[in-house]
Amino acid sequence: MRTEPRALRFGLERSYRALARLTPDEDRRIELVDMANAIRPRTLT
């Protein structure tokens, strides 16, 4: 079974955002959101 890179990126983005919501450390939260933004696949608007 082949996993699509786009699906992996969406999953990783969701995971980073979930961790950001759970951490009490504001600096770490910002870092996790930045990581989520960096990995987010490009979407057409």
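The values are calculated or read from the model by the stated rules, or taken from the named source; none is laboratory data. Just so it is clear, the model here is predicted, and its values are computed rather than measured. All Cβ positions, even for glycine, are placed from backbone atoms using ideal geometry, and neighbour counts span all protein chains on display.
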Residue list for the stretch 1-36, filter: among the polar types (S, T, N, Q) and modelled with pLDDT of 95 or more:
SER15, THR23
Quick one: how many residues across the stretch 23-36 are without any contact (Cβ under 8 Å) to a residue 12 or more places away in the chain and either surrounded by 12 or more Cβ atoms within 10 Å (Cβ to Cβ) or part of a helix (DSSP H, G or I) (or both)?
8
